[in-house]
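Structure first, commentary second.
Since every read-out is calculated from the coordinates, none of them should be taken as a lab result. The structure displayed is predicted, hence computed values, not measured ones. Neighbour counts run over all protein chains shown; Cβ positions are idealised from the backbone, glycine included.
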Amino acid sequence: PGHHTGGGLSDMVKFLKSGKVVIVLNGRMAGKKGLIVKTFDEGTDGRKYGHAIVAGIARAPLKVKKSMPQTKVEKRSRVKPFLKLVNFNHLMPTRYSVEVDFKPLGITPEVVQNSAKRTEARKQIKKMFQERYTAGKNKWFFSKLRF
């Protein structure tokens, strides 16, 4: 009893909860911010490691000035989302959380793996992110990572 069991993953995982803002570290979306939709601490049959469904921002909105015409503002305020399954090792948690209810979207691993359903889900996430951005909420989440 009291011994540390291998990997140390289960200890690390506790703070990866739904709504937590994370940064994806590897792959095409490396350095992008995402939100955890759902976590699988113990892994699943196909993926034997702890992972999460992450909904994130593939392309952040650009700066907008008062002098810009309405159409340009709309164009620059667009958010392009992504949705993928990511191993916990490739996620870096941040201290931020975003209060989002993903329940109505009903996103499951099946949805993420099926391209047609994923596109559908992505559209809804886009709408959700877009509303938040326009409302001026979670400014940090919608800004690019500067480092």
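For the chain, the longest principal axis of the C-alpha atoms and the axis of helix 115-134 are separated by about 60°. Computed extension length for K65-F147: 27.1 nm, one decimal, from 0.36 nm per residue of separation with the Cα-Cα distance subtracted.
Computed across the stretch 61-122, the Kirkwood hydrodynamic radius from all distinct Cα-Cα pairs reaches 14.8 Å. The GluC sites (Glu not before Pro) of the stretch 70-127 meeting both criteria, a DSSP state outside H, G, I, E and B (loop) and at most 16 other C-beta atoms within 10 angstrom of the site's C-beta, are E99.
Pairs of lysine residues in the stretch 67-140 that meet both criteria, 8 or more places apart or on different chains and Cα atoms under 13 Å apart, total 4. Summarised as an ellipsoid, the chain has semi-axes of 31, 17, 12 Å, derived from the eigenvalues of the Cα gyration tensor scaled by 5 and square-rooted, with the largest first. Based on Cα contacts under 8 Å between residues 6+ apart, the chain shows a relative contact order of 24 percent. For K66, the aspartates and glutamates whose Cα falls under 18 Å of its own Cα, not counting residues fewer than eight places away in the same chain, are E74.
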